[in-house]
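All remarks here apply to the structure that follows.
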Amino acid sequence: APAPPPARHLFSDPAEVEALRGNLLAWYDRCKRDLPWRALAATEPDADRRGYAVWVSEIMLQQTQVATVIDYYNRWMQKWPTLQALSQASLEEVNELWAGLGYYSRGKRLQEAARKVVSELAGQMPRTAEDLQKLLPGVGRYTAGAIASISYGQATGVVDGNVVRVLCRLRCIGADSSSPAVIDCLWDMANVLVDRSRPGDFNQALMELGATVCVPKAPLCGECPVKQHCQAWRRKLFGNPPKVPDVEDCGFGDCPLCPPATEPWDSSLGVTNFPRKAAKKPPRAMRTATCVLERRGCHRAPEYLIVQRPSSGLLAGLWEFPSLPLAQDLQEEREREELADHLQAWLGRPVAAKGLRFIGEVIHIFSHIHQTYVVYSLPLDGDVTLGPALSPSRWVTEDEFHASAVSTAMKKVLKAHEKQRREESSPAKGSKRKRGAKAQGAGST
Ligand code: SF4
């Protein structure tokens, strides 16, 4: 069996654990933010509804800021206040509400899991972290722990990005925080620390501390309620790590939790020496040609053709302008020809590559993909009848486009198209775009 982690990286003194819990909870009671899911979890008498409310908030909060989530959360809970209501929603409705939150598969899995609870578990949420993780698709160790502790009072810890940062600083853990050795150690530590009588509040307090005080770049150590337990802070003040009596000091040699010998403590970084991560793989570069096909609808208002993406993979089930992934380093002429062929399948008639108007390039960064959309437009005259459909498609007005389940990237594409149109209608500004230029006004995320 692997050797246990050196004691200076752990919380082995029960008196210190007790003091830390007390300080953190007292701070949380004074300073916690009012958030709609907290209010619901604290006041809702029905355990299943409590669990559902926390579950929705936790899934939405993964990778997304609290400020963004609040509006989505309120609209979601208004539309589907219970698991039963969500289980009857269509994927289209879920995608529409989720649009802009990113990671669309999470909304989809939430709905699939709600259906499972209703159809296979008699509408009752599992009550422990172990069962939640085992029985609900899309519920991992963190979400299971959060639901179980906040909704059902199970004394189980949680480890998310905020908790990783706080714990690594509290115990000077400088090995790669995504390595299995560190992750296991942090879960053990979270389970030791969690307050037995207020586990949900304790877990939220630890996450709140990471989100508002122990922040990544400029932590507010002076205001921190647990600074007296923080080894990183002490090390910043006093230089060397404190000696722990009767325990072999680590930090040199082969401790699996200390910073590697090749990247020792850097005093200019202070507490932000922790946590450390292995260098991320750069995102994969992809190019996709996309075309805003436009016709005149009622009262000559513009309408756009949108088509639905496959039901699995990136942006599953969302709607987009007809798009075609491109090989890297394709010549412009060839790009146009391939896009024209692709559009022909939708329109059921030949499309001249030369008729495609180049708008610009829109960059969108997904977590693992650096996507460049090469945007074209094609105005269509007269009656347009779609050819034999490859997958669902429809014409939408601008308002309908924004209300549909379309990705943020496609909204940027439409914005670039509109910007181009405005420029063209203003003679002073009208100009031909150069290839490689980012479409103005489209922005990138
Ligand atoms: Fe984070 Fe500073 Fe508090 Fe330590 S003292 S936990 S580094 S905010």
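Around the amide H of H370, modelled in the peptide plane, lie the amide H atoms of R284, A285, M286, all under 5 Å away and 5 or more residues distant in sequence or on another chain.
Summarise the long-distance tail of P(r) for the range 284-425 by giving the % of C-alpha pairs beyond 28 Å.
Details: 1139 of 10011 pairs.
Here the tail beyond 28 Å accounts for 11 percent of pairs.
Thinking of the chain as a set of Cα atoms, what percent of all their pairs are more than 32 Å apart? Cα-Cα pairs in the chain separated by more than 32 Å: 51 percent. Placing +1 on each Lys and Arg Cβ and -1 on each Asp and Glu Cβ, with no other charges, gives the chain a dipole about its Cα centre of roughly 1100 debye.
Computed over protein heavy atoms with a 1.4 angstrom probe, the accessible surface ordering of C214, C31, largest first, is C31, C214.
Can you work out D for the range 1-134 in µm² s⁻¹ from Stokes-Einstein, where Rh is the Kirkwood radius over C-alpha pairs, the temperature is 25 °C and the viscosity is 0.890 mPa s?
It diffuses with D of about 142 µm²/s by this estimate.
Database remark: amide H of G174 closer than 5 angstrom to the amide H of C258 (H placed geometrically; neighbours at sequence offset of 5 or more, or on other chains; Pro and chain starts carry no H). Scalar couplings 3J(HN,Hα) for the range 159-176, obtained by applying the Karplus form with A = 6.51, B = -1.76, C = 1.60 to θ = phi - 60°, are 10, 10, x, 5, 5, 4, 5, 4, 5, 4, 6, 4, 10, 6, 8, x, 6, 3 Hz; x denotes Gly and Pro.
Summing Lys and Arg as +1 and Asp and Glu as -1 over all other residues whose Cβ lies under 12 Å from the Cβ of V396 gives a net charge of -4.
Placing a label point 7 Å from the Cα of A316 along the Cα-to-Cβ line, the residues of the range 130-144 whose backbone N sits under 18 Å from it are 135-140. Taking a sphere under 12 Å around the Cβ of N162 and counting the other residues whose Cβ falls inside, with K and R at +1 and D and E at -1, yields a net charge of 0.
The 1.4 Å probe gives accessible areas that order H370, H417, largest first, as H370, H417. In this view, the solvent-accessible surface of D160, computed with a 1.4 Å probe and all protein chains in place, comes to about 40 Å².
Rounded to the nearest 500, the 222 nm mean residue ellipticity of the chain from helices alone is -13000 deg cm²/dmol, with -39,500 (n - 2.57) taken per DSSP H run of at least 4 residues.
Annotation: per residue accessible area for the chain equals 48 Å², rounded to a whole number [probe 1.4 Å, protein chains only].
Taking all protein chains together, V118, V362 sort by accessible area into V118, V362, largest first [probe 1.4 Å].
This model, with +1 at the C-beta of Lys and Arg and -1 at the C-beta of Asp and Glu, gives the range 36-86 a dipole about its Cα centre of some 80 debye. Over 28 Å between C-alpha atoms is what I'm after, so list which of K354/K419; K32/K411; K79/K217 land there. Distance filter (> 28 Å) returns K32/K411; K79/K217.
Rounded to the nearest whole Hz, the Karplus-based 3J(HN,Hα) values (6.51 cos²θ - 1.76 cosθ + 1.60, θ = phi - 60°) of the range 408-420 follow the sequence 4, 4, 5, 5, 5, 4, 5, 4, 5, 5, 5, 4, 4, with x at glycine and proline.
Shown for the chain: the carbon plus sulfur share of the solvent-accessible area, taken with all protein chains present and a 1.4 angstrom probe, equals 53%.
The values are calculated or read from the model by the stated rules, or taken from the named source; none is laboratory data. Being a predicted model, the structure only gives us computed values, none of them experimental. Virtual Cβ from ideal backbone geometry, glycine too; neighbours counted across all protein chains shown. Only protein heavy atoms, including side chains, enter the accessible area calculation; ligands, DNA and RNA are left aside. Shrake-Rupley method; radii C 1.70, N 1.55, O 1.52, S 1.80 Å.
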